[in-house]
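What follows is calculated from the coordinates using simple rules that are stated; it is not laboratory data. In this text the structure is predicted, and so the values were computed from the model without any measurement. Cβ: placed from backbone, ideal geometry, glycine included. Neighbour counts: every protein chain shown.
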Amino acid sequence: MSARTEALDRELLGPGGVPVHRVTIDTEGPGGNSYAIIGRCDALMRRAGVSGVARSLFMNEATSGSRDHLLDTIERYFRTTWVPPRVRG
């Protein structure tokens, strides 16, 4: 596990590695594009008092790959509800 992942885990995951923060994301509406989704997660972290360092680490990790990687990263660090439910190919 990298130092980056450990720092994110400390701030965004609770006991047992369970995400602390909840987020609902509508992937089909106007807010369903990747930029809007990232912005929603950042706003949630900011309101929850997550440090700027952890928010930056999350953004770097979430945007380091494909859209699927972005969505997988969100699922790792947030209790996520997808509208409609996410279907993996």
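Helix 67-77 versus the longest principal axis of the chain: what is the Cα-based angle in degrees, 0 to 90, to the nearest 10?
Between the helix axis and the principal axis of the chain, the angle is about 50 degrees.
Sorting check: for 25-32, 4-11, which peptide has the highest mean count of neighbouring beta carbons within 10 Å, and how do the rest follow? Provide the component values of the computation, followed by the final result.
Numbers: 25-32: 12.9, 4-11: 14.5.
The most tightly packed comes first, giving 4-11, 25-32.
Given H placed on each backbone N at 1.01 Å, which residues far from D26 in sequence or on other chains put an amide H within less than 5 Å of it?
V83
How many angstrom lie between the Cα centre of segment 70-87 and the Cα centre of segment 4-50?
Cα centroid to Cα centroid, the span is 9 Å.
List the residues whose amide H sits under 5 Å from the amide H of H21, counting only those 5 or more places along or on another chain, with H placed 1.01 Å from N in the peptide plane.
The answer is R79.
Quick one: what are the phi-derived ³J(HN,Hα) couplings along segment 46-52, Karplus 6.51/-1.76/1.60 with θ = phi - 60°, whole Hz, x for glycine and proline?
So the J values, rounded to whole Hz, are 4, 5, 7, x, 5, 4, x.
Provide the per-residue ³J(HN,Hα) series for segment 4-13, in order, calculated from phi with Karplus coefficients 6.51, -1.76, 1.60 and θ = phi - 60°, each as a whole number of Hz, with x at glycine and proline positions.
4, 5, 4, 5, 5, 4, 4, 8, 10, 10
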